[in-house]
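The values are calculated or read from the model by the stated rules, or taken from the named source; none is laboratory data. These figures come from a predicted structure and were not determined experimentally. When we count neighbours, we look across all protein chains shown, and the Cβ atoms used for this are built from the backbone with ideal geometry, even at glycine. Ligands, DNA and RNA are excluded from the accessible area calculation, which covers all protein heavy atoms including side chains. Shrake-Rupley method; radii C 1.70, N 1.55, O 1.52, S 1.80 Å.
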Amino acid sequence: MEHLLDIYRSMFTIRKFEEIASRQIVDERIRGLLHSSEGQEAVAAGVCLALDQNDYLTSTHRGHGHAIGKGVHINLMMAEIFGKVGGANKGKGGSMHIADSTVGMLGANGIVGSSIPLACGAALKAKIMGTNQVAVSFFGDGATNQGVLHESMNLASIWKLPVIFVCENNLYAQSTPSDYSVSIENIADRAKGYSMPGEIVDGMDPLAVFDCAKNAVSRARDGDGPTFIEAKTYRYRGHFLGDNPLRYRSDSEEFDWKKIDPIPRFRVFLLEEGGATKDELDDMELAINENIVRAVEFAKKSPFPSHEELEKDVYDNYPKDQLNRTVSSME
Ligand SMILES: Cc1ncc(C[n+]2csc(CCOP(=O)(O)OP(=O)(O)O)c2C)c(N)n1
């Protein structure tokens, strides 16, 4: 029962976090892009709950759900998205580069496909050190057309790395439909070419995702190597906030996927078959909302990083006079 509630808590937190963060963009408290994963929460929640805290995770430009699932504190996440010092990366990473190594979150990443070799590197380290950790890489259907996925899967297979490749197939890479750009109907079938299991899972069903991920994690911990999981899912918003998805997909398609929205469906399941009560779920939802509102307050109160901070962590080897010129030109 507790584990069912954990899944719901995780999905609901991701949904509300992104809804509330999106409103901050509209109100111009956040500058820059925000890629919402609303609709895809069951994948992040299901996979992350199959992991231990010290397992590794690498993510994408659409990574808020993965970071929340892995346990990054929402105050640190919100402040990071606001670009504030109190953020997980002192406000210098922003929405697309949230990392917190204390919970194994090695980073979201704006370069499509780049999460994949990083997870293999983490898995290689775990294997060499004999720590029994596993690494998960999340990426989209668009990323599966990048050469780096294929190189990484090949190495992971020959070295039997404890890594799990999780493709969130939400049917579009920006505005490009995957049935146009991907050469195969089921991306999971590509796993055959690299001698690893290729699992297809309903990405709108958190329990199916959890079971699938748990098997892949056991396989990795047992030393049997990588698994490729293709979770069929859908993003409800545009590619980023500001993109109108109805330019390239129909409202009837959106409507059909919203009918199987994982969150209300799982709520009904919890009430009818999971032993939860309405009061219990209402209380949980209220508490989550309040925590996220508090995270916004935390982010608002935190200062922006100073110019001196620009030189730290990021531009280690950047010539100082050039940096000063760049900063002055921005003022
Ligand atoms: C190497 C690289 N090429 C192109 C881009 C521009 N870009 C950003 S997101 C995106 C689409 C990614 O689609 P997908 O991998 O399916 O992930 P989704 O956005 O659907 O989650 C592209 C092409 C980029 N960031 N990095």
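Looking at the stretch 82-197, the strands (runs of 3 or more DSSP E) lying wholly inside it that each contain 1 or more residues that are in contact (Cβ under 8 Å) with a residue 40 or more places away in the chain and of a type in the set (D, E, K, R) sit at 163-169. Taking the conditions (1) open to solvent by less than 10 Å² (accessible area, probe 1.4 Å); (2) touching a Phe, Trp or Tyr at 6+ places or on another chain (Cβ under 8 Å); (3) of a type in the set (Val, Ile, Thr) in turn, ILE68 satisfies each one other than (1).
Among the residues of the stretch 95-107, the one identified as within 13 Å of the ligand (Cβ to nearest atom) and of a type in the set (Ser, Thr, Tyr) is SER95. Residues of the stretch 51-65 that are in contact (Cβ under 8 Å) with a residue 60 or more places away in the chain and open to solvent by less than 10 Å² (accessible area, probe 1.4 Å): ASP55, LEU57, THR58, SER59, GLY63. For GLY32, the conditions (1) open to solvent by less than 30 Å² (accessible area, probe 1.4 Å); (2) closer than 13 Å to PHE240 by Cα; (3) in contact with a helix residue (DSSP H, G or I) (Cβ under 7 Å, 6 or more places away or on another chain) are fulfilled apart from (1). For beta carbons closer than 7 Å, sequence separation of 6+ or different chains, a first residue in the stretch 27-41 that is closer than 16 Å to GLN174 by Cβ and of a type outside the set (Asp, Glu) and a second that is within 10 Å of the ligand (Cβ to nearest atom) and not in a loop (DSSP other than H, G, I, E, B), the qualifying pairs are GLN40/GLU168. Restricting the search to the stretch 248-282, which residues are more than 16 Å from PHE12 (Cα to Cα) and either touching a Phe, Trp or Tyr at 6+ places or on another chain (Cβ under 8 Å) or surrounded by 15 or more Cβ atoms within 10 Å (Cβ to Cβ) (or both)? Within the stretch 248-282, TYR248, ARG249, GLU254, TRP257, GLY274 meet the criteria.
Could you check the stretch 200-218 and list, in sequence order, the residues that are within 12 Å of LYS232 (Cα to Cα) and surrounded by fewer than 20 Cβ atoms within 10 Å (Cβ to Cβ)? ILE200, ASP202, ALA208 - these are the residues of the stretch 200-218 that are within 12 Å of LYS232 (Cα to Cα) and surrounded by fewer than 20 Cβ atoms within 10 Å (Cβ to Cβ). Of the helices (runs of 4 or more DSSP H) lying entirely inside the stretch 220-331, those containing at least 3 residues that are among the polar types (S, T, N, Q) and over 16 Å from GLY39 (Cβ atoms) are 320-330. In the set (1) open to solvent by less than 10 Å² (accessible area, probe 1.4 Å); (2) within 16 Å of the ligand (Cβ to nearest atom), the condition left unmet by ASP179 is number (1). Criterion applied to LEU241, LEU323, LEU271 was being touching a Ser or Thr at 6+ places or on another chain (Cβ under 9 Å) and modelled with pLDDT under 95, and the one residue passing it is LEU241. Scan the stretch 35-49 residue by residue and report those that are open to solvent by 10 Å² or more (accessible area, probe 1.4 Å) and of a type in the set (A, V, I, L, M). Correct list: LEU49 only.
Annotation: PRO245 fulfils all but one of (1) closer than 28 Å to ILE20 by Cβ; (2) over 19 Å from the mean Cα position of the chain (by Cα); (3) surrounded by fewer than 17 Cβ atoms within 10 Å (Cβ to Cβ); the unmet one is (3).
If you take the residues in the stretch 122-175 that are within 15 Å of the ligand (Cβ to nearest atom) and among the β-branched types (Val, Ile, Thr), which one is surrounded by the fewest Cβ atoms within 10 Å (Cβ to Cβ)?
VAL148
Applying the set (1) away from the ligand (no atom under 14 Å from the Cβ); (2) closer than 21 Å to GLN24 by Cα to GLY110 leaves exactly one unmet item: (1).
Conditions (1) charged (D, E, K, R); (2) in contact with a strand residue (DSSP E or B) (Cβ under 7 Å, 6 or more places away or on another chain), marked per residue:
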site	(1), (2)
SER195	no, no
VAL201	no, yes
LEU207	no, no
CYS212	no, yes
ALA220	no, yes
PRO226	no, yes
GLU230	yes, yes
TYR234	no, no
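The helices (runs of 4 or more DSSP H) falling completely within the stretch 1-71 that include 1 or more residues that are under 9 Å from the mean Cα position of the chain (by Cα), within 19 Å of GLY93 (Cβ to Cβ) and within 15 Å of the ligand (Cβ to nearest atom) map to 41-48, 64-70.
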